[in-house]
Amino acid sequence: MGAIVGIVGLALLPGRALDTKGGVVVAVLPFVIGRYENRRTAFRFDAAGARFGTVLLPWSDATQFVVAEPPGGRQTLIGARLRSGATPPTGADVPPPHPAMPAPVHVAVPRATFDLAKMIRKARAYAPPHVRIAFAGPSGERVAH
């Protein structure tokens, strides 16, 4: 949030000199909001595929999404299993393997903010029918959707 205030403040300086502060703020504001949203969104579904941060995994490369909640942890792991022959998307930071996560591409989100029901609703809205969501627990995996 501090970065947003700083950027808006910097945008006001040239506006002050040119007496056009409203125009500069209006021009800069969408960029600032978009940058902030991309930075804070670890995972989401949309019409093009699944986004891990700012990296897009197209629907054609995904076969399954896996949700894991490591025991004693404060994070939920969300991962993607790729179709045979697919590689992680360009720009994806493939994290080191986690014992609770069987998928190669994954992100960690705060457990307190993760909503499996919402993830399933979004998958139904955007994902092709072949894509499934599985929950990986200590006793194995089960289909969540």
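Some notes on this structure:
- Taking 0.36 nm per residue of sequence separation and removing the Cα-Cα distance, the Asp93/Thr54 pair yields an extension gain of 13.0 nm.
- Karplus (6.51, -1.76, 1.60) ³J(HN,Hα), θ = phi - 60°, over region 121-127, in Hz, Gly and Pro reported as x: 4, 5, 4, 5, 6, 10, 6
- Rounded, prolate or oblate (a/c below 1.5 giving rounded, otherwise prolate when a/b exceeds b/c) for region 68-130 by Cα gyration tensor: oblate
- Measuring spread by the Cα atoms of region 33-145 yields a radius of gyration and Dmax of 13.2, 42 Å.
- In this rough spin-label picture, where each label sits 7 Å from Cα along the Cβ direction, the Arg142-His130 distance is 2.7 nm.
- Per-residue ³J(HN,Hα) for region 84-100, Karplus 6.51 cos²θ - 1.76 cosθ + 1.60, θ = phi - 60°, Hz, x for Gly and Pro: 4, x, 7, 10, x, x, 4, x, 6, 8, 7, x, x, x, 10, x, 8
Just so you know, all these numbers are worked out from the coordinates, no wet-lab data involved. Model, not experiment: these values are computed from the prediction. Don't worry about glycine lacking a Cβ; one is built from the backbone with ideal geometry, like all the others, and counts go over all protein chains shown.
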